[in-house]
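J.: I'd like to ask some things about the structure below.
Please treat every number below as a calculation from the coordinates, not as lab data. Values in this document were obtained by computation on a predicted structure and should not be read as measured data. Note that each Cβ is placed from the backbone with ideal geometry, even for glycine, and that neighbours are counted across all protein chains shown.
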Ligand code: SF4
Ligand code: FES
């Protein structure tokens, strides 16, 4: 496939960025999107030019490092996949592909396509830890029965990889889907009960401090989320927050 790439280039966090055009030839339809960018970078290096900076790590949809807004969609045109799982067969020979960083005030661009998602880390830190005994008298997991529907819901919420596509997709740059997943994964389980109220209050407070917008139930986050995190978790977080607020002085 021969393609034209329009890529956001930005020297550093303080510089202004702009779209630049790069033609690229002979890309296999079987290669991944990131492999296609690897080929571009190899070409740029061979030409003595600065390669395009982009985030990646596991390249198998687990770590949440890859981002990229591709042709106006977070993680590109496929559904239920991260950018690293996106294949070039989703595009046609001769296509022009627009590649931009995830955009949100709370995700400032560091360089080219790399954004700082430290705000997500700070929200998770605000959530704190769970009180479990790890002193050597640890309870056997099977000694604590958990209803299957609760275990399934907790697991569904825990599949959130913290990629930030929900924020990038949302017209309000809301982080509600991410925070709701993190709050919910513990609230379903007995181990998450001790700090349940404190956790939701602290995480929502940190989310607001980071400058994310509010949720207006548009639902774009759920559509673009590579892990299919459901809007139901946002409703659950709102209930958790309300319940915690009326018994807390915070
Ligand atoms: S909710 Fe989905 S889109 Fe948002 S951070 Fe988690 S996995 Fe990514
Ligand atoms: S590089 Fe790890 S999820 Fe894409």
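J.: If I build a Gaussian network model for the chain, linking alpha-carbon pairs within less than 10 angstrom, which residue out of 220, 180, 143 has the largest mean-square fluctuation?
T.: Top of the fluctuation ranking is 143.
J.: Ok, one more. At 10 °C and 1.306 mPa s, grab the translational diffusion coefficient of the range 82-169 from Stokes-Einstein with a Kirkwood Rh over Cα pairs, rounded to a whole number in µm² per second. Could you put the intermediate results ahead of the total?
T.: Values: Rh = 17.4 Å.
So the translational diffusion coefficient is about 91 µm²/s.
J.: Here's something else I'd like to know. With only alpha-carbon atoms in the gyration tensor, what are the semi-axes of the equivalent ellipsoid for the range 126-250, in Å, largest first?
T.: On the way: eigenvalues 137, 62, 31 Å².
Each semi-axis is √(5λ); the values are 26, 18, 12 Å.
J.: Here's something else I'd like to know. List the relative contact order of the range 117-245 as a percent without decimals, with contacts defined as Cα pairs under 8 Å and 6+ residues apart.
T.: Details: 160 pairs, mean separation 43.9, N = 129.
This gives 34 percent for the range 117-245.
J.: Which parts of the range 96-114 would a label at residue 171 reach, counting a residue when its backbone N lies under 20 Å from a point 7 Å out along Cα-to-Cβ?
T.: Residues 102-106 qualify, since their backbone N sits under 20 Å from the label point.
J.: Mean-square fluctuation check for the chain, GNM, Cα pairs under 10 Å: which of 104, 230, 131 is largest?
T.: 131
J.: With the contact rule set at Cα under 8 Å and sequence spacing of 6 or more, what percent relative contact order holds for the chain? Show your work: numbers first, answer last.
T.: On the way: 432 pairs, mean separation 48.5, N = 250.
Here the relative contact order equals 19 percent.
J.: So, one more: Angle check, please: helix 118-127 long axis (alpha carbons) against the longest principal axis of the chain (alpha carbons), in degrees 0 to 90, nearest 10.
T.: The two axes meet at around 10 degrees.
J.: Order of 66, 58 from fewest to most other C-beta atoms within 10 Å?
T.: 58, 66
J.: So what's the angle, to the nearest 10 degrees on a 0 to 90 scale, between helix 33-46 and the longest Cα principal axis of the chain?
T.: Tilt relative to the chain: about 50 degrees.
J.: Then there's this: With a/c under 1.5 counting as rounded, go ahead and sort the range 1-138 into rounded, prolate or oblate using the C-alpha gyration tensor (a ≥ b ≥ c being the square roots of the eigenvalues; past the cut-off, prolate if a/b is larger than b/c, else oblate). List each step's numbers first, then the result.
T.: Details: a/c = 2.41, a/b = 1.72, b/c = 1.40.
Since a/c reaches 1.5 and a/b is larger than b/c, the shape of the range 1-138 is classed as prolate.
J.: Still on this structure: Relative to the longest principal Cα axis of the chain, at what angle does helix 232-245 sit, 0 to 90 degrees, rounded to 10?
T.: The two axes meet at around 40 degrees.
J.: Just to be sure I understand the model, the point goes 7 Å from the Cα along the line to the Cβ. What's the resulting residue 223 to residue 205 distance in nm?
T.: Here the answer is 3.6 nm between the modelled labels.
J.: Quick check of the Kirkwood formula: for the chain, what is the inverse mean of 1/r over all pairs of different Cα atoms, in Å?
T.: Hydrodynamic radius (Kirkwood, Cα pairs) of the chain is 19.7 Å.
J.: So for 179, 247, 132, fewest C-beta neighbours within 10 Å to most, what's the order? Before the final figure, lay out the partial values.
T.: Numbers: 179 28, 247 8, 132 11.
If I rank by nearby Cβ atoms, fewest first, I get 247, 132, 179.
J.: State the antiparallel share, in %, of DSSP beta bridges confined to the chain, rounding to the nearest 5.
T.: Around 75 percent of the beta bridges assigned by DSSP in the chain are antiparallel ones.
J.: What length, rounded to one decimal in nm, is gained on full extension from residue 41 through to residue 62, with 0.36 nm per residue of separation minus their alpha-carbon distance?
T.: Numbers: separation 21, 0.36 × 21 = 7.56 nm, distance 2.37 nm.
That works out to 5.2 nm of additional length.
J.: Additional query: Which value at 222 nm does the chain reach when only helices count, each DSSP H run of 4 or more adding -39,500 (n - 2.57), with the total divided by all residues and rounded to the nearest 500 deg cm²/dmol?
T.: On the way: 8 runs with 85 residues, N = 250.
Value at 222 nm, helices only: -10000 deg cm²/dmol.
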